[in-house]
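Following: one structure in structure tokens, then a few remarks.
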Amino acid sequence: MGTLNPCPSRRWAGPSGDAIIAPDGSKVQLVLTDEHGATRCSVVEVTIERGETSRPVRHRTVEEAWYVLSGAGEVWRCPPGIAAVEVSPVPVVSGDALVIPTGWGFQFRACAGSDLRFVCVTMPAWPGMDEAVDLPKGGLGEPTLAPPEANPGVGPQ
């Protein structure tokens, strides 16, 4: 038997190490990336602390699928060309899944009682921080999270 393993597996046991701050201000832990052989998607675990609201953004080229691991919150998703005020947020709890289509604006927040944690699969693989475009307004009010530039010592995603 050979020792070459072109696509190593990884056991995910929850957050460990330093978090990366995403363009929306949330904390992101890398799960599967190109380092693990993923060429068409990437997988991260996202956490937003209780009572916090993300920055509203849209993605240029990727679609995301989310699966809520724990907590409760709200997610606002807005198709291109629709005013933010015309779209209502949806509640999410542990066990819920949703899609953020390419080009849609989105913003999310955790309820006051618990952090919101979810797995996020990005397709194609996350190309870098320039993928996200800041929006002037989201559907959940003013964000409480700072952009990545305001978080010194945090490396790029």
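The values are calculated or read from the model by the stated rules, or taken from the named source; none is laboratory data. Note that the structure is predicted; figures quoted are calculated from it, not measured. Ideal geometry is used to build each Cβ from the backbone, glycine not excepted, and the neighbour counts take in all protein chains shown.
Assorted remarks:
- Evaluation of A146 against the conditions (1) at pLDDT below 95; (2) part of a strand (DSSP E or B) shows that the sole unmet condition is (2).
- Check on Q29, in a strand (DSSP E or B), at negative phi and modelled with pLDDT of 95 or more: no
- Residues located in the range 45-96, provided they are closer than 23 Å to T33 by Cα and among the aromatic types (F, W, Y): W66, Y67
- Complete set of residues in the range 52-65 that are of a type outside the set (V, I, T) and under 16 Å from G138 (Cβ atoms): E52, S54, R55, P56, R58, H59, E64
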